[in-house]
Amino acid sequence: MQHTTATILAIWLILATSLHAQLNPLEWFAAKTKDLVELNIASAAQESEASALLETAKAKLAAGSTGSADRSFKKIIKKYPKTAASGDARFLHSQILMGKGRWDKAFVSLQEIIFKHPNYENFNQVLSAQFDCATALMEGARGRILWIIPGFEQPDKAARQFEQIVRNAPYSDYAPLALMNIAIVSGQNEDPKMPSMRLIV
């Protein structure tokens, strides 16, 4: 009886010491927060490299070399996604796409700014550009099929984009305008599958 009690006590002590790290409630979230901080912050070297590359890309854009500037913006987005310069690069890339009439891709690029850079300093400009993209689609802007053939009108996509604008900033100046445009688009099409006007409470 004493032998089994001593064995059980020894096993219990070994398990207790090995489980101590898992059972200590003060250590449950410590490692996870360190990982989150490391994932969301770029190093100072990356920030400086990205901002230098962004300045050269802006100079190319000002000089009229849109293609070269766009390639530089894409390089910043791909190579330095966590930097502050990546948000500016995404915004300028979306401006180039809007200039080419690629409204859907520009909207997606602007939405990535909202998701990946929630503290972006030019948030109102992003909303304004998104509203311009959705308005262009609502007014009948068409994409190109094989870069030559005009595509189809996309009012349902415009309505979804207006809904996304309302979700992004429900209390902004663009939210009521977006809701009115949703109602206009669904009234023009009279399609039951179209999103209906919803009240934001």
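The values are calculated or read from the model by the stated rules, or taken from the named source; none is laboratory data. Since we're looking at a predicted model, the values are computed, not measured. Don't worry about glycine lacking a Cβ; one is built from the backbone with ideal geometry, like all the others, and counts go over all protein chains shown.
Please state which of the following conditions GLY64 fails to meet, knowing it meets all the rest: (1) modelled with pLDDT under 90; (2) surrounded by 22 or more Cβ atoms within 10 Å (Cβ to Cβ).
(2)
Using beta carbons and a limit of 9 Å, which pairs, at least six apart or on different chains, have the first residue in region 120-145 and modelled with pLDDT under 90 and assigned to a strand (DSSP E or B) and the second one of a type in the set (Phe, Trp, Tyr) and surrounded by fewer than 18 Cβ atoms within 10 Å (Cβ to Cβ)?
Going by the 9 Å Cβ cut-off, the qualifying pairs are ILE145/PHE152.
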